[in-house]
1. For the stretch 180-229, name all the residues that are among the β-branched types (Val, Ile, Thr) and in a loop (DSSP other than H, G, I, E, B).
2. Can you tell me which of 160, 129 is open to solvent by less than 10 Å² (accessible area, probe 1.4 Å), touching a residue at least 60 places away in the same chain (Cβ under 8 Å) and either within 17 Å of the chain's Cα centre (by Cα) or at negative phi (or both)?
3. Just wondering, is there one or more residues in the stretch 249-262 that are closer than 21 Å to residue 15 by Cβ and open to solvent by 40 Å² or more (accessible area, probe 1.4 Å)?
4. When you check residue 12 against the structure, is it of a type outside the set (Gly, Ala, Ser), in contact (Cβ under 8 Å) with a residue 40 or more places away in the chain and crowded, with 16+ Cβ neighbours inside 10 Å, yes or no?
5. Being closer than 30 Å to residue 125 by Cα, modelled with pLDDT under 95 and open to solvent by less than 70 Å² (accessible area, probe 1.4 Å) narrows it down to one of 66, 55, so name that one.
6. Restricting the search to the stretch 132-151, which residues are in a helix (DSSP H, G or I) and open to solvent by less than 30 Å² (accessible area, probe 1.4 Å)?
7. Only one of 102, 38, 47 is farther than 24 Å from residue 208 by Cα and of a type in the set (Gly, Ala, Ser). Can you tell me which?
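The values are calculated or read from the model by the stated rules, or taken from the named source; none is laboratory data. Predicted model, so just to flag it, every value in this text is computed and none were measured. Positions of Cβ are generated from backbone atoms using ideal geometry, with glycine treated the same way; all protein chains shown enter the neighbour counts. Keep in mind that these areas ignore ligands, DNA and RNA; they rest on the heavy atoms of the full protein, side chains included. Shrake-Rupley method; radii C 1.70, N 1.55, O 1.52, S 1.80 Å.
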Amino acid sequence: MQLGDLELHLLMSGRWKADGGLMFGVVPKVLWEKQKPADHNNMIECACVSIIARINGRVIVCETGIGTKLSEKRAQQVALREPEGLLHNLQRLGIRPEEVYAVVTTHLHWDHAGGLTRRNERGGLELTFKRARHFIQRSEWDFALHPDVRSKPGYILDDFTPLDDGNKLVEYLDGDAEVMPGVHLRHVGGHTPGSQVLVLRSGELACAVTGDLVCQTPHLKVPWNMSADIEPLRVFEQKARLLEEAQNHRWLLVLSHEPDQPAGYLDEDGHWQPEPRLT
C-alpha cells in the first residue's frame, strides 16, 4: 500500500506457535483463550510479521523473524512453518538481499533476529543482508551478550554477533533517533532493555511497528503483557503512550506476532480496525 510517500509491504517471515502462558503472563487463561485458542499443549498461533518499506528509492526491512537456523528439534517444538518466507516474499517483490539499504530489528530475541544471519552451503554463518545498515540499541546489544539467567534462552549469539564480527554493519543507538529522513526509532525498553519501536513518517501519516510492546491484538489492552517482559510497568507506560498517539493521529500499527490481520488502526473507541490493503 501507499502511505504518503511510503510504499509499504506486509510480509509473513514465518509462522510458529508459542506457549499461551508466555504470551499472556498473569492474564487468566479463561480470558485470553476466548481470543487466541490454545491447542492441547497450551500453544497458540503466532506469526513473524515483517514490513518492507521503500523510502526515496531505498529499501528498509523491519523484523527478520526466526530464520532458518533452528535445529530440527527446536523447529518442531515451536511448529515452525515457512522459515524462508522473508526472502521468498522479497523475491516476489523483485528485491534482492543485496539491494536492502537498512534493517531494523525491534530487539534481539531469537524470534525477531534469527533472520539476520543464515547458514551457507558449507554450513558457515553469513549475513542475510550483506550491504545493509543495521540499527540496534546499544543497551540491547550489551544485554544480549550478557543476559540474566531468565532472559538467556531468548538470545542466540549466532543470530547477531556476525554483524559486528569484522563486518561493522551495526549502528548502535543510545535512545530515540531519526536514522534516515522519515525513519524514527523510539527506545521503549520494558520487554528487553533495548526494545525499540519503528515509526515511519510521511508528513502527517505514520506507520509504527510495535515489536513485542504489542504482540497481538489482545495485547492492545494496556494491562495485558507477556511473562517474558523484564519491566512490566515500563511496558504499560510505553504502550499506553504509543496507543494514545496511534488513536489520536490515526497511525497505522503493525503487530509483530499477530497471525490474523496484523496491520490496522485504533478507532475513536479504541477498537481495532484492520487495514484491508495489508491483510
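1. Narrowing the stretch 180-229 to residues among the β-branched types (Val, Ile, Thr): 183, 188, 192, 197, 199, 209-210, 214, 217, 222.
188, 192, 210, 214, 222 - these are the residues of the stretch 180-229 that are among the β-branched types (Val, Ile, Thr) and in a loop (DSSP other than H, G, I, E, B).
2. Result: 129 is the single residue among 160, 129 that is open to solvent by less than 10 Å² (accessible area, probe 1.4 Å), touching a residue at least 60 places away in the same chain (Cβ under 8 Å) and either within 17 Å of the chain's Cα centre (by Cα) or at negative phi (or both).
3. Yes: the stretch 249-262 contains one or more residues that are closer than 21 Å to residue 15 by Cβ and open to solvent by 40 Å² or more (accessible area, probe 1.4 Å).
4. Values: of a type outside the set (Gly, Ala, Ser): yes; in contact (Cβ under 8 Å) with a residue 40 or more places away in the chain: yes; crowded, with 16+ Cβ neighbours inside 10 Å: yes.
Yes: the conditions hold for residue 12.
5. Working: 66 fails: modelled with pLDDT under 95.
After ruling out the rest, the residue left standing is 55.
6. Looking only at the stretch 132-151, we keep the residues that are in a helix (DSSP H, G or I), and these are 138-145.
Selection gives 140, 141, 144.
7. Going through 102, 38, 47 in turn, the sole match is 38.
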